[in-house]
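Following: one structure in structure tokens, then a few remarks.
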Amino acid sequence: MGGLTAAVRAQQQGARVMLLEKAWEPGGTMKHSEGGVQGTEYEAMRRNAPDGDPEVQRMVSDAIPLATDFYHSIGAPIGGREGARGGSIAPVAFTYFMVTTLERGGGRIMVNTPMLRLLTNRQQEVIGVLAEGPNGLLRILAKAVVLATGGWMGNAQMVTAHITRHFSTLRQRNAGWGTKPPFLGDGFFAATQLGAAPSTGGFDGFYGHMLPARPGIVKDPVANYSLYHGQWCVVVNLDGRRFADETRGRLAGGPAQGAGEQLINQEVARQPEATAAYIWDEPINRERACEACALGGLDKFPAYKSAGAHVATANTLSELAHQMEAWGVGMPAENILRELTEYNLAAENKKAWALPIPKRVEANAVPIKQPPFYAVLGTAGITATFGGLRVNPQAQVVARTGRPIRGLYAAGIDIGNYSNYVYLGNLILGASSGYLAGTNAAKQPNPAGGWEPAVLTTGA
């Protein structure tokens, strides 16, 4: 979303554009997304993600109507009216439209061509990139570079350092099953090599949803298997114990109500093997885990069962707990039953907030008491990281000194700390920042220091 938007917008503003795509096809995680391009007002962003960067959130909020009008002006297939705060897309069709628009306007897309590093002149102005195409190294000169490399959720070193030591069992949600996509933090590393500032926070958070653990067969798109109803469940780790508030994750305060299952999913990532079991009853199954609860249209329990993941269903909680113990993953039935009994007693008396590990959102703290009961074993799924580069309101990458790095812009989740623990939306970040980056990159003057790359950054 960020890269394609920046490219088409810059071209619309008169720039000659070349788009380098690391993968074999354009689209990135957007192409595997559910297509929601909605944004909120700045005040709502601050309430929901108060630890996010207020300057980035203001930048995104102010640009949402501009980006939406831009899509309508070029005839892009986006739902919603002009001037609105976003809309929705069919990701594959939207990707095709943006690629076609860019190429028809004279832009060039090079696939299987990752950027290796940024090129700078002796005045440390960015003047292009060193890339590696199918036929070898390419030195591409440009008066502006927009980084839109999609975060670092496939980088074992960074994920292990910042999020969880269980990288090997995390599931990448917006990619083919069993693959680790090429999101290695290319933009972040390239920019920080030039002295770019990391974002003011967000590195320990990510967006994602629970996916089947240890399955046999999962059909693409993987996102269809996402469990969205964890905040209604009782969630236990491999010891059979609750470990976090299912409604607010690690947050004790009020801003995360409505943030959904992605909060408990983040906490699952920090549990042994990034794995946990979701437990619910028939009313939740009927109303929350139903076909209408996800764009993919999969009923979650049978979907997990058909995928070969560990599942259990029973008419008593005791029987359910013993089925879960029989999975052989280390969950003692007595621990599971003790957690369910304690939770149900508190929930029935509207005191779930007073549990040793509270469940604070009362609307979600319903007793698990109406059979049949259900349980599935899941692994935390990661879609996108939150930490990244610091930018100014023009989407220019900012150096550690506080000045913008001349000729360098960022879009999408290469920009850090828009979301912080609580998810505010990746596509709307890509749309807004891509629009701004493309607009301003097109206005970038020729480098004052000339076009000769400094030896330090050529790598040749």
Inset, instruction - Check whether at least one residue in region 51-61 is touching a residue at least 12 places away in the same chain (Cβ under 8 Å), under 20 Å from SER88 (Cβ atoms) and not small (Gly, Ala, Ser), and report yes or no. - result: yes
Legend entry - Matching entry among PRO453, PRO447 (being within 21 Å of VAL129 (Cα to Cα), in a loop (DSSP other than H, G, I, E, B) and modelled with pLDDT of 95 or more): PRO447
Inset, instruction - Test THR120 against the stated conditions and say whether it is in the same structural domain as ALA190 (by TED's automatic domain parsing), under 23 Å from MET30 (Cα atoms) and either under 28 Å from the mean Cα position of the chain (by Cα) or surrounded by 14 or more Cβ atoms within 10 Å (Cβ to Cβ) (or both). - result: no
Inset, instruction - Please enumerate the residues belonging to region 337-373 that are touching a residue at least 40 places away in the same chain (Cβ under 8 Å) and touching a His at 6+ places or on another chain (Cβ under 9 Å). - result: none
Inset, instruction - Return yes when ASP53 is acidic (Asp, Glu), assigned by TED's automatic domain parsing to the domain that holds GLY136, touching a Ser or Thr at 6+ places or on another chain (Cβ under 6 Å) and at pLDDT 95 or above and no when it is not. - result: yes
Legend entry - Residue in region 233-240 that is surrounded by fewer than 22 Cβ atoms within 10 Å (Cβ to Cβ), assigned to a helix (DSSP H, G or I) and modelled with pLDDT of 95 or more present: no
Inset, instruction - For region 14-33, indicate whether the set of residues that are more than 30 Å from ASN135 (Cβ to Cβ) and within 17 Å of the chain's Cα centre (by Cα) is non-empty. - result: yes
Inset, instruction - Looking only at region 217-227, decide whether some residue is crowded, with 21+ Cβ neighbours inside 10 Å, of a type in the set (A, V, I, L, M) and at pLDDT 95 or above. - result: no
Inset, instruction - Report yes if some residue within region 272-285 is in a loop (DSSP other than H, G, I, E, B), of a type in the set (D, E, K, R) and at pLDDT 95 or above; otherwise report no. - result: yes
Inset, instruction - Give region 302-312 a look and list any residue that's in a helix (DSSP H, G or I) and crowded, with 22+ Cβ neighbours inside 10 Å, or say none. - result: ALA303, TYR304
Inset, instruction - Scan region 313-328 for residues that are of a type outside the set (Gly, Ala, Ser) and assigned to a helix (DSSP H, G or I) and report the count. - result: 7
Inset, instruction - Identify the single condition in (1) among the aliphatic types (A, V, I, L, M); (2) closer than 23 Å to ALA144 by Cβ; (3) modelled with pLDDT under 95 that VAL37 does not satisfy, given that it satisfies every other one. - result: (2)
Legend entry - From the options ALA442, ALA410, ALA395, residue that is at positive phi and among the aliphatic types (A, V, I, L, M): ALA395
Inset, instruction - Could you check how many residues of region 21-50 are touching a helix residue (DSSP H, G or I) at 6+ places or on another chain (Cβ under 9 Å) and touching a residue at least 60 places away in the same chain (Cβ under 8 Å)? - result: 20
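The values are calculated or read from the model by the stated rules, or taken from the named source; none is laboratory data. Just so you know, these numbers come straight off a predicted model, no measurement behind them. Glycine also receives a Cβ, built like all others from the backbone with ideal geometry; neighbour counts cover every protein chain displayed.
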